[in-house]
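Since the structure comes first, as structure tokens, the remarks are kept for the end.
The values are calculated or read from the model by the stated rules, or taken from the named source; none is laboratory data. Remember, it's a predicted structure, so these values are computed and weren't measured experimentally. Reconstructed Cβ throughout: ideal geometry from the backbone, glycine too, with neighbour counts over all protein chains shown.
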Amino acid sequence: MTTATPKTKVKKIKIALLASAILLVSAIIFFLYSEYHSKSTFGFSTKSESKDPAEIAKINIEPRLFEFGLYINKISLAVPIVANVDGENKYTYNKALLSGVAHYKNTALPGKGSNIFIFGHSSTWNGEGQYAEAFARLNDLNKDDQAIVYYQNKEFKYKVSKKEVVDADELSYLEPTKSEQLTLMTCWPLGSNLKRLVVIAKLEQ
């Protein structure tokens, strides 16, 4: 019976370590290839920002939002819209705002060619529930940013044209308009109701 020399043992250890390293590298390469292949097969992409906002919306928002919902890619907002809410009845609109943002009663609906007035909370100071901060990032919108409204499974795209802070009792933004526009309003500054932040977006032609 022969006994392995120290040199032979070292050689065997090196071979074993090399084989283990090769297997590990192969496993990593196989895993990365599988991940890439599966994503390519199903059409997913890590570069979602390059997609059309409407495509992203259809992937990320709940199906019920297509009945009446607001999607703004820039501020990562996908929220239901509660229709025909009495904005003068505090109990009524606060209840509605627990379910999303609110469409002001008697203002236009999408596709009707006039002013669609939507309001929502911007902080937990005066709101509660899942949508208490729905409009917290409304001020991040700038000219030409896009907002999408889904109504009865149809898509309406609007482009921001104006943003301003107005007095809390300013009501002119509720008035009908000659062309279709989306008016978004929330309390301002964040954590107070001293003023109102208003964003106006015109229907894209």
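In table form, for the structure just shown:
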item	result
Among the candidates L171, L190, residue that is free of Cβ contacts under 8 Å to residues at least 40 places away in the same chain and closer than 26 Å to E88 by Cα	L171
Condition check for T183: in a loop (DSSP other than H, G, I, E, B) and modelled with pLDDT of 95 or more	no
Those helices (runs of 4 or more DSSP H) lying entirely in region 1-115 with at least 3 residues loosely packed, with under 10 Cβ neighbours inside 10 Å and modelled with pLDDT under 95	6-41
Those residues of region 153-180 which are assigned to a loop (DSSP other than H, G, I, E, B) and either among the β-branched types (V, I, T) or surrounded by 15 or more Cβ atoms within 10 Å (Cβ to Cβ) (or both), in sequence order	T177, E180
Scope region 181-205; condition farther than 15 Å from K112 by Cβ and surrounded by 18 or more Cβ atoms within 10 Å (Cβ to Cβ); matching residues	L184, M185, T186, C187, W188, R196, L197, V198, V199, I200, A201
Residue in region 127-144 that is without any contact (Cβ under 8 Å) to a residue 40 or more places away in the chain, of a type in the set (A, V, I, L, M, F, W, C) and assigned to a loop (DSSP other than H, G, I, E, B) present	yes
